[in-house]
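Novice: After the structure tokens below, expect a handful of questions from me.
The values are calculated or read from the model by the stated rules, or taken from the named source; none is laboratory data. Keep in mind the model is a prediction, meaning the values are calculated, not measured. Note: ideal-geometry Cβ built from the backbone for every residue, glycine included; neighbour counts use all protein chains shown.
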Protein chains: 2
Amino acid sequence: MENKENNAIQPKAIVLLSGGLDSTTVLAIARAKGFACYCLSFHYGQRQAIELARAKANSVKLGAADHLVLNIGLDAIGGSALTTDVKVPKNRTFEAMEQGVPQTYVPGRNTIFLAYAMAWAEVVGADDIFIGVNALDYSGYPDCRPEYIAAFEKMARLATRAGTEEKRTLRINTPLMHSTKKQIIQKGMELGVDYSTTHSCYDPAPDGLACGQCDACRLRRKGFSEAGIDDPLPYHKKAG
Amino acid sequence: MENKENNAIQPKAIVLLSGGLDSTTVLAIARAKGFACYCLSFHYGQRQAIELARAKANSVKLGAADHLVLNIGLDAIGGSALTTDVKVPKNRTFEAMEQGVPQTYVPGRNTIFLAYAMAWAEVVGADDIFIGVNALDYSGYPDCRPEYIAAFEKMARLATRAGTEEKRTLRINTPLMHSTKKQIIQKGMELGVDYSTTHSCYDPAPDGLACGQCDACRLRRKGFSEAGIDDPLPYHKKAG
């Protein structure tokens with residue numbers, strides 16, 4: 001859907017939107033900066049596909065210009081607890097999360113997501129891409145690090161028409177890169193994000209309730225706790 | 001399918017295989033170098049989807065270890081004559097092909113293809129990716145240039161586990177980068193490629209016959225002509 005603003009004079013941005021706490025906050029930030037936001041979500045075979053309904057709801061609430069959900073076959077490639085039968089780790093300490101790359105890492109996921117974002121940016125004429133990666137509280141994923149994002153941006157500027165005849169550029173914006181979860185939540189609350197319709201859990205129950213025990217739930221709950229704000233999300237009764 | 005060789009001692013490579021002349025030659029080159037080849041093809045909404053049957057046939061003929069065809073929704077993003085109703089340009093001169101980016105350019109295509117290849121490489125444990133890009137006779141695509149490939153390789157080395165704990169590397173191999181179409185065909189003939197089951201045409205007739213007039217057909221026919229070899233492919237009767 002197109003929103004009511006005049007997109008002709010508004011700069012456009014592609015916003016990678018998972019439906020989680022981070023990416024929803026990023027959408028609010030991009031909107032506050034005045035961008036017409038083209039939100040991009042993926043059905044990639046993730047066990048937490050419920051997040052896509054949350055993404056849709058938040059794209060509407062936050063006045064996105066458009067929201068595209070692509071079906072991409074990442075589960076055919078496998079290699080992750082999020083797309084296979086491998087068990088999602090539970091109740092890990094925050095120290096344990098800092099050690100190595102966890103089983104919930106999806107090989108190539110951010111690169112594939114950013115590649116689609118780059119393609120859509122070229123088609124709609126956007127010079128900006130927003131992604132909610134985070135080098136703190138980041139669960140040890142190699143494709144969330146600042147040096148990775150910088151290398152992707154450099155590659156992307158050579159990959160498209162913008163890198164040849166059009167003399168345009170492309171920016172990968174990572175407004176949460178150096179924020180703690182607490183700071184992200186505080187920023188989102190300022191901007192009016194409704195966290196009751198975000199989804200963070202890697203391993204939701206069949207009824208969609210968050211487990212409260214996976215790395216994503218634990219980092220989220222810690223963030224709300226440190227911010228002194230009640231997490232508006234209901235958790236499964238076993239969450240503890 | 002797995003071939004009969006002992007993959008345990010063979011290095012593995014991901015080979016991006018479209019079913020066309022270039023990528024089939026690349027598969028033959030990777031096989032000749034001794035790689036166990038994991039071929040990767042995409043159904044991305046291209047009008048020339050017949051190429052996928054050719055890719056399958058060639059992966060078998062050339063003894064690939066595996067062949068994966070992924071359904072990815074590039075047509076939802078659009079922006080190309082190959083994935084929309086925009087007409088494929090016909091009978092352009094070779095000089096015209098050198099001017100600017102043609103309408104058959106698919107925004108982000110090689111970046112998306114390479115991103116999936118990078119993901120699969122990580123899962124199967126391959127350190128090499130092969131892609132049939134070509135800076136001569138290349139039809140003006142920004143994502144076929146050597147500087148783009150170098151930037152992708154640099155990014156990919158930061159994107160995966162290999163870039164952190166495993167101390168492995170990743171190489172993007174472009175054995176055709178500086179070859180003319182004539183040289184590619186000569187190389188393939190030496191290696192026993194059967195070009196009668198390759199498909200190059202951007203705009204095949206409903207019966208699958210190549211048009212003979214699009215940029216891809218014209219570059220292919222010029223290559224065979226310069227190599228002094230008959231193109232074994234039948235063309236549509238209007239091809240001229």
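Novice: Suppose the filter is outside any helix (DSSP H, G or I) and either surrounded by fewer than 16 Cβ atoms within 10 Å (Cβ to Cβ) or at pLDDT 90 or above (or both); does B:L27 pass it?
Specialist: The answer is no for B:L27.
Novice: Between a residue in the stretch B:97-116 that is hydrophobic (A, V, I, L, M, F, W, C) and any residue that is modelled with pLDDT under 75 and surrounded by 24 or more Cβ atoms within 10 Å (Cβ to Cβ), which pairs come within a Cβ distance under 6 Å, given they are 6 or more apart or on different chains?
Specialist: Cβ pairs passing all conditions: B:V106/B:S80.
Novice: Something else: Could you tell me whether any residue of the stretch A:68-80 is closer than 27 Å to A:A156 by Cβ, within 14 Å of chain B (Cβ to nearest Cβ) and either touching a residue at least 60 places away in the same chain (Cβ under 8 Å) or basic (K, R) (or both)?
Specialist: Among the residues of the stretch A:68-80, not one is closer than 27 Å to A:A156 by Cβ, within 14 Å of chain B (Cβ to nearest Cβ) and either touching a residue at least 60 places away in the same chain (Cβ under 8 Å) or basic (K, R) (or both), which makes the answer no.
Novice: Given the criteria within 13 Å of chain A (Cβ to nearest Cβ) and not charged (D, E, K, R), does B:T93 qualify?
Specialist: no
Novice: Right, another one. Mind listing just one residue for me: the one in the stretch A:205-223 that is of a type outside the set (D, E, K, R) and in contact (Cβ under 8 Å) with a residue 40 or more places away in the chain and, of those, surrounded by the fewest Cβ atoms within 10 Å (Cβ to Cβ)?
Specialist: A:G208
Novice: Hey, could you check the stretch B:55-78 for residues that are modelled with pLDDT of 90 or more and assigned to a helix (DSSP H, G or I) and say which is nearest to the chain's Cα centre (by Cα)?
Specialist: B:A55
Novice: Taking the conditions exactly as written (surrounded by fewer than 23 Cβ atoms within 10 Å (Cβ to Cβ), modelled with pLDDT of 90 or more, more than 15 Å from the chain's Cα centre (by Cα) and within 12 Å of chain B (Cβ to nearest Cβ)), does A:D128 satisfy them or not?
Specialist: Here the answer is no, as A:D128 does not meet what is asked.
Novice: Also, I was wondering about something else. Give all pairs with beta carbons closer than 8 Å in which a residue from the stretch B:51-63 that is farther than 23 Å from B:D207 by Cα meets a residue that is in a helix (DSSP H, G or I); count only pairs at least 6 apart in sequence or on separate chains.
Specialist: Here the result reads B:K61/B:T197; B:L62/B:T24; B:L62/B:L27; B:L62/B:A28; B:L62/B:R31; B:G63/B:R31, each pair linking the stretch B:51-63 to a residue that is in a helix (DSSP H, G or I).
Novice: Same structure, new question: When you go through A:Q99, A:Q48, A:Q103 one by one, which is the residue that is among the polar types (S, T, N, Q) and away from every other protein chain (no Cβ under 14 Å)?
Specialist: Result of the check over A:Q99, A:Q48, A:Q103: A:Q48.
Novice: Same structure again: Which condition breaks for B:F94 when tested against (1) of a type in the set (F, W, Y); (2) modelled with pLDDT of 95 or more; (3) more than 27 Å from A:L74 (Cβ to Cβ)?
Specialist: (2)
Novice: Hey, B:Y202 hits all of (1) crowded, with 17+ Cβ neighbours inside 10 Å; (2) more than 17 Å from the chain's Cα centre (by Cα) but one; which does it fall short on?
Specialist: The number of the failed condition is (2).
Novice: If you don't mind, another one. Testing A:K33 on (1) surrounded by 19 or more Cβ atoms within 10 Å (Cβ to Cβ); (2) of a type in the set (K, R); (3) at pLDDT 95 or above, one condition comes back false. Which one is that?
Specialist: Every listed condition holds for A:K33 apart from (1).
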